[in-house]
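**Student:** My questions will all concern the structure given below.
None of the figures in this text is laboratory data; all of them are computed from the coordinates on show. What you are looking at is a predicted structure, and each value in this text was computed from that prediction instead of being measured. Note: ideal-geometry Cβ built from the backbone for every residue, glycine included; neighbour counts use all protein chains shown.
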Amino acid sequence: MAIIKIKRPKLTLADKLYLPAVIKGLFITFKHAIRAIRGKTHGAEQFNSSGLGVTMQYPETKWDDQLPDYYRGVPALVTDEQERERCVSCQLCEFICPPKAITIIPGEIESDDPWAKVEKRPKEFEIDMTRCIYCGMCEEVCPEQAIYLRDDYAMTGLSRAEMVNDKKRLYEIGGVRTGLVNKWNEIK
Amino acid sequence: MSDTETTQLPKDIAAEKGLVNVQIDGHWIQVPRGTRMIEACKIAEKEVPHYCYHPKLSSPGNCRMCLVQMGMPPRPAPDQAPVYDEDGYQEIGWMPRPVIACANTVGENMGIRTQGELVEKCREGVMEFLLINHPLDCPICDQAGECRLQEFSVEHGKGESRFKEDKIKKPKNVKIGPRIRLDDERCIMCSRCIRFMDEVADEPVLGFTERGTHTTVGVFPGRELTNNYGLNTVDLCPVGALTSNDFRFQMRTWFLKETDSIDTNCGTGANTTIWTRGNKIFRVTPRQNDDVNSCWMPDSHRLNYVCPTDDDRLTAPLIKVDGVHEETCWENAIEAAADALKQFTPSEIAIIASGRQTNEELFMMRTLAAELGIESLAIVAREEASDDMLISADRNPNTTGAQLTLQDKDVAATLATFREGVYQGEIKALFVASENLLEEAGFTKEDLNALELLIALHTSANATAHASDIVLPGASSAEKFGSMVNVAGRLQKLNAACLPPADARSDWEIIRDLVLALSGDSAEQAPQSIEALFQIIATSIPEFEGKSLATLSNLGETITDTGVTIPLVERENQRKAHGEIVG
């Protein structure tokens, strides 16, 4: 590869003094401040905020209804319209998870359960949200369409234990998801 | 060729050695006469996918997965001489139809193609038929990750099924025995399990019923698969049709780490693979060793293992203070044990070793006895009836090793003397390793209570540990390195699959530290690693001479001739000699 020599720009006296650039910057800031006070900032009504422009007054105002469909928030388990828990504890998400946030203890479905023929479901399913990096690989790898990254993003807790979502909590966050492929229905 | 008379043809060179020339995917190799085509391909490192073929079983050739293209030199006309090319081979006339590689033997100047359009098309066709009724169970199937059907459908299968008709329904989750579950929908009718139960286990309870696409594997009516070798069918099953109740839905195979070790439930010392994740053992499976256990293992042995996560494991050294065990550190425990032992004269102390200990531990036990000035130590004999298969009459895994390392032909003889000595009150202090004295050793609770000092080195909190003044927590056979000698005189290696729980340590280190505490020598004078200890054994015991634990193969090595044979292996060698199996 050819070596390209870059010439240093020749600085004028004004550039060298540095002060004119600072004043120029302040001028731009003032311009935006005045526009914000007059309520003329771009996107002001879109954010539906205090009217002070692009600054959103979180948490009084939230951007939840602005989230795109592909938003990657807290991963959670879903049930389908037949109220079947979709996870069969194949542990592929546990395997793929880059920060090893997922821990699954598999279990067998009791023979008196209406979905006994599925045979397997998680006995325990834990996602450690202090580890989760919201990469979405668990959702991508799931062969049963059972785990999805939902809209929640504000996970808080006062201890590490509180930041671990157990199976019950994961189904609460995940809720019901309809229109999924259902290969466990009677016709195989 | 002008010099045909003077130069030998490749076929003649091979014939002198009992070999034949075979061309596999364009390369000529020499293989023994009578080799199966599939084995010849294995020698040439060409993979031929197969399901029903297993070298230890007969070859019915019913899965059709191993189809390859085969060719032989065309038969010359009556007055025509065979034509050889410049390398001395005849031209191969390829057959238009494929043959199965598992049940056909090689011939001179044969050609085999394991690749190519014809072979690929055959495999695709066979895979499509096998997958017609196969359920989409992979996410819940225990076999996923080690399933031949899964592997070959990636290589040779279609992404989509062309089968539009209703699939055949078959029984799922059938309990066919106390340890095994059968899923008939996953079965691909390879018949390996049926042949194993018939030919090896000699209890033919499995068989096919129905015909064609309705064919189903099942147990004979009114019977169950209770045979003690039944779980081998689970290992044999190329798909997830047979699953073990013990391992069912416990863990996916891709999380498990494999460690080569040996079975310590009897003197045969079947070679095993221990499957662990973290510090937990999930299953133990047999590992092929044609001189010890072939590919098999008894169920009772594979399900009997000590795991670091077991509830009854000893996790810290204990000293009894006013009748209550208190946890202490290793320095205190060893020091207390040494001080306590010093209070007695050699005739008042007895040491009971175990045939379940490794050679290294037994050698350290001998060193301990010498340090205390005791002349002999005893092991507990475990003789039960052999099952005439793989379970030896000697249920101690290392009796031969004990005889060698303790330099004593009858290592169990002094145990009765010890028992009598304890009963009479002549023996006041007892050091016992890896044995529960209230079981096979024949001691009573009163005997143990009458002792002034009892030191136990064991893995679990058993009755002996409860009665002991000092308890030293050791490592189980899956947690330690070491060697054992089986009934046939074969030196075999144990590899540690997991770590001992909490403060528990390798037994040989504990005994070494106790010897050091008794002698007052500095730590440098004792072996620092298991290999260093093995080298001391190698220099002092002739049978171990020149051996090293590090270089010892995981298949072991015969070091002494005991004249004992393993019945199942003997039978298998006979079947191999009769040409019934490849072996």
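**Student:** Calculate, for B:D410 and B:L555, the FRET efficiency according to 1/(1 + (r/R0)^6) with r their C-beta to C-beta distance and R0 51 Å; round to the nearest 0.05. Working shown, then result.
**Tutor:** Values: r = 30 Å, r/R0 = 0.59.
It comes out at approximately 0.95.
**Student:** Quote the convex hull volume per residue of segment A:131-188, based on C-alpha atoms, as a whole number of Å³. Working shown, then result.
**Tutor:** Values: hull volume 6.4 nm³, N = 58.
Roughly 110 Å³ of hull volume per residue.
**Student:** Could you please rank B:T309, B:T259, placing first whichever residue has the fewest other Cβ atoms within 10 Å of its Cβ? Provide the component values of the computation, followed by the final result.
**Tutor:** Numbers: B:T309 11, B:T259 19.
So the residues, fewest neighbours to most, are B:T309, B:T259.
**Student:** Take the cross-link list A:K183/B:K167; B:K409/B:K445; B:K17/B:K46; A:K117/B:K167; A:K117/B:K169; A:K120/A:K167 and give me the ones stretching past 18 Å between alpha-carbons. Please list the in-between numbers first.
**Tutor:** On the way: A:K183/B:K167 13 Å; B:K409/B:K445 30 Å; B:K17/B:K46 24 Å; A:K117/B:K167 16 Å; A:K117/B:K169 13 Å; A:K120/A:K167 15 Å.
Violating the 18 Å Cα-Cα cut-off are B:K409/B:K445; B:K17/B:K46.
**Student:** Still on this structure, I have one more. Shape verdict for chain B, please, from the Cα gyration tensor: rounded (a/c under 1.5), prolate (a/b greater than b/c) or oblate. Spell out each step's value before the answer.
**Tutor:** Details: a/c = 2.82, a/b = 1.87, b/c = 1.51.
Prolate is the answer for chain B, as a/c is 1.5 or above and a/b outweighs b/c.
**Student:** Sticking with this structure for a sec: At a Förster radius of 35 Å, what calculated FRET efficiency corresponds to the Cβ-Cβ distance of B:A523 and B:V564, to the nearest 0.05? Before the final figure, lay out each step's value.
**Tutor:** Values: r = 40 Å, r/R0 = 1.14.
Plugging the Cβ-Cβ distance into 1/(1 + (r/R0)^6) gives 0.30.
**Student:** Kindly state, to the nearest 0.05, the FRET efficiency for B:D25 paired with B:F220, given R0 = 45 Å and r defined as their beta-carbon distance.
**Tutor:** Details: r = 44 Å, r/R0 = 0.98.
Efficiency for this residue pair is about 0.55.
**Student:** If you don't mind, another one. Please list 3J(HN,Hα) in residue order for segment B:156-164, calculated via the Karplus relation 6.51 cos²θ - 1.76 cosθ + 1.60 where θ = phi - 60°; whole Hz, with x for glycine and proline.
**Tutor:** Whole-Hz 3J(HN,Hα) from phi for segment B:156-164: 10, x, 8, x, 9, 8, 8, 7, 9.
**Student:** Strictly under 4.7 angstrom between C-beta atoms: which cysteines of chain A have no such partner?
**Tutor:** A:C87, A:C90, A:C97, A:C132, A:C135, A:C142
**Student:** To the nearest 20 debye, what is the magnitude of the charge dipole of chain B about its Cα centre, counting +1 on the Cβ of each Lys and Arg and -1 on the Cβ of each Asp and Glu? Could you put the intermediate results ahead of the total?
**Tutor:** Details: 57 positive and 88 negative charges, 517 e Å.
With Lys and Arg at +1 and Asp and Glu at -1, about 2480 debye.
**Student:** May I pose another question? Where the only charges are on Cβ atoms (+1 Lys, Arg; -1 Asp, Glu), what is the dipole of the protein assembly as shown about its Cα centre, to the nearest 20 debye? It would help to have the intermediate numbers written out before the result.
**Tutor:** Numbers: 85 positive and 116 negative charges, 881 e Å.
Around 4220 debye, computed over the protein assembly as shown.
**Student:** Rounded, prolate or oblate: pick one for the protein assembly as shown, where a ≥ b ≥ c are the square roots of the eigenvalues of its C-alpha gyration tensor, a/c under 1.5 means rounded, and failing that, prolate if a/b is larger than b/c, else oblate.
**Tutor:** Working: a/c = 1.79, a/b = 1.13, b/c = 1.58.
Since a/c reaches 1.5 but b/c is at least a/b, the shape of the protein assembly as shown is classed as oblate.
**Student:** Percent relative contact order of chain B, based on C-alpha pairs within less than 8 angstrom and at least six residues apart?
**Tutor:** On the way: 1124 pairs, mean separation 67.2, N = 583.
Once divided by the residue count of chain B, the mean separation gives 12 percent.
**Student:** Dividing the alpha-carbon Rg of segment B:166-255 by 2.2 N^0.38 Å yields what? Intermediate values should be presented prior to the final figure.
**Tutor:** Numbers: Rg = 12.8 Å, N = 90, 2.2 N^0.38 = 12.2 Å.
Computed over Cα atoms of segment B:166-255, the ratio equals 1.05.
**Student:** List the aspartates and glutamates whose Cα lies under 17 Å from the Cα of B:K42, skipping any in the same chain that are fewer than 8 positions away.
**Tutor:** Filter leaves B:D25.
**Student:** While we're here: Nothing charged except the Cβ atoms of Lys and Arg (+1) and of Asp and Glu (-1): what's the magnitude of the dipole of segment A:63-170 about its Cα centre? Round to the nearest 20 debye. Let's see the in-between values first.
**Tutor:** Details: 14 positive and 23 negative charges, 89 e Å.
So the magnitude is around 420 debye.
**Student:** Say each of A:D15 and A:D113 gets a label point 7 Å from the Cα, pointing the same way as Cα to Cβ; how far apart are those two points in nm?
**Tutor:** Result: 7.1 nm between the two label points.
**Student:** Please express the shape of chain A as an equivalent ellipsoid: the semi-axes are the square roots of 5 times the eigenvalues of the C-alpha gyration tensor, given largest first in whole angstrom. Each step should come with its number before you reach the end.
**Tutor:** Values: eigenvalues 518, 110, 52 Å².
After diagonalising the Cα gyration tensor, the semi-axes are 51, 23, 16 Å.
**Student:** Choose one of B:T309, B:A465, A:P99: the residue whose Cα lies farthest towards the positive end of the charge dipole of the protein assembly as shown (beta-carbon charges +1 Lys, Arg; -1 Asp, Glu; about the Cα centre).
**Tutor:** A:P99
**Student:** Mind listing which trypsin sites (Lys or Arg not before Pro) in segment A:75-155 are in a DSSP loop and have 12 or fewer other Cβ atoms within 10 Å? Before the final figure, lay out each step's value.
**Tutor:** Details: sites: A:R84, A:R86, A:K100, A:K117, A:K120, A:K123, A:R131, A:R150; in loops: A:R84, A:R86, A:K100, A:R131, A:R150.
Here the trypsin sites (Lys or Arg not before Pro) that fit, given the DSSP loop and packing criteria, are A:K100.
**Student:** OK, next. How far apart, in nm, are two points set 7 Å out from the Cα along the Cα-to-Cβ line at B:E326 and at B:M95?
**Tutor:** 8.2
**Student:** Do the sum for the protein assembly as shown: with -39,500 (n - 2.57) for every DSSP H run of n ≥ 4, divided by all residues, what is the mean residue ellipticity at 222 nm, to the nearest 500 deg cm²/dmol? Write out the running numbers ahead of the final one.
**Tutor:** Values: 22 runs with 192 residues, N = 771.
My calculation for the protein assembly as shown gives -7000 deg cm²/dmol from helical runs alone.
**Student:** Starting from the Cα of B:V83, step 7 Å along the direction of its Cβ; do the same at A:C135; then give the gap between the two resulting points in nm.
**Tutor:** 6.2
**Student:** Is any residue of segment A:120-153 close enough, with backbone N under 17 Å, to a label point placed 7 angstrom from the Cα of A:E162 along the Cα-Cβ axis, and if so, which?
**Tutor:** Those under the cut-off are A:128-131, A:153.
**Student:** Viscosity 0.692 mPa s, temperature 37 °C: what is the translational diffusion coefficient of segment B:6-146 from Stokes-Einstein with a Kirkwood Rh over Cα pairs, rounded to a whole number of µm²/s?
**Tutor:** For the chosen part, D equals 195 µm²/s.
**Student:** Is the shape of segment B:415-505 rounded, prolate or oblate, going by the alpha carbon gyration tensor and its root eigenvalues a ≥ b ≥ c, with a/c under 1.5 for rounded and a/b larger than b/c for prolate?
**Tutor:** Details: a/c = 3.03, a/b = 1.59, b/c = 1.90.
Note, shape of segment B:415-505 comes out oblate.
**Student:** What do you get for trypsin sites (Lys or Arg not before Pro) in segment B:377-458 restricted to DSSP loop and a cutoff of at most 16 other Cβ within 10 Å of the site's Cβ?
**Tutor:** Working: sites: B:R382, B:R395, B:K409, B:R419, B:K428, B:K445; in loops: B:R382, B:R395, B:K409, B:K428.
Answer by residue number: B:K409.
**Student:** May I pose another question? Work out the mean other chain Cβ neighbour count within 10 Å for the residues of B:249-256 and drop it here as an integer.
**Tutor:** Numbers: counts 11, 3, 4, 8, 0, 3, 3, 0.
That average works out to 4.
**Student:** Another one. Quick check: residue separation of B:E545 and B:F208 times 0.36 nm, minus the Cα distance between them. What number comes out in nm?
**Tutor:** Working: separation 337, 0.36 × 337 = 121.32 nm, distance 5.37 nm.
Full extension of this stretch gives 115.9 nm more.
**Student:** Can you list the trypsin sites (Lys or Arg not before Pro) in segment B:122-220 that are in a DSSP coil and have 14 or fewer other beta carbons within 10 angstrom?
**Tutor:** Values: sites: B:R123, B:R148, B:K158, B:R162, B:K164, B:K167, B:K169, B:K172, B:K175, B:R179, B:R181, B:R186, B:R192, B:R195, B:R211; in loops: B:K158, B:R162, B:K164, B:K167, B:K169, B:K172, B:R179, B:R211.
For trypsin sites (Lys or Arg not before Pro) across segment B:122-220 that sit outside H, G, I, E and B with at most 14 neighbouring Cβ atoms in 10 Å, the list reads B:K158, B:R162, B:K164, B:K169, B:R211.
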